[in-house]
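The values are calculated or read from the model by the stated rules, or taken from the named source; none is laboratory data. If you're wondering where the values come from, they're calculated on a predicted model, not measured in any experiment. Cβ coordinates were reconstructed from backbone atoms using ideal geometry, including for glycine residues, and neighbour counts include every protein chain displayed.
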Amino acid sequence: MKTSLAIQCIVLLACMLINITYHFQLFPVIPKCRCLTTSKPVNPSLITGVQEFGPRPYCNKRQVIVTLKDGTERCLDPEAKFTKAVLRRINVNQNGEHTLSSTELCH
């Protein structure tokens, strides 16, 4: 009986540890590429922001992500002419994040 109770306590403690570890993310999730695929060019007037990420240890690709007026994000092909035009017209703020006014691409 005592052995059975001890095993139950160990199993319960193990389950609690797994739950706490998952809930508080004590072991961080390994980051990966945000852009698994790229989309076609979007209407420039819908773009409210641009983020550019160079290759990193967990993602060897260059990534360009635009934020649209509806809050969605799209990954653009960094080698496409459209994306290069977007990147040429951006302003860099203090955080290093690229922002773009919607009228900048239309001119």
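Of note:
- Of the residues H107, H98, the single one that is touching a strand residue (DSSP E or B) at 6+ places or on another chain (Cβ under 8 Å) and either among the aliphatic types (A, V, I, L, M) or at pLDDT below 90 (or both) is H98.
- Taking first residues from the range 29-55 that are in contact (Cβ under 8 Å) with a residue 24 or more places away in the chain and surrounded by 10 or more Cβ atoms within 10 Å (Cβ to Cβ) and partners that are β-branched (V, I, T) and part of a loop (DSSP other than H, G, I, E, B), the Cβ contacts under 7 Å between residues at least 6 apart in sequence or on separate chains come to V50/I90.
- Enumeration of residues in the range 58-72 that are touching a residue at least 12 places away in the same chain (Cβ under 8 Å) and either part of a strand (DSSP E or B) or under 14 Å from the mean Cα position of the chain (by Cα) (or both): Y58, C59, K61, R62, Q63, V64, I65, V66, T67, L68
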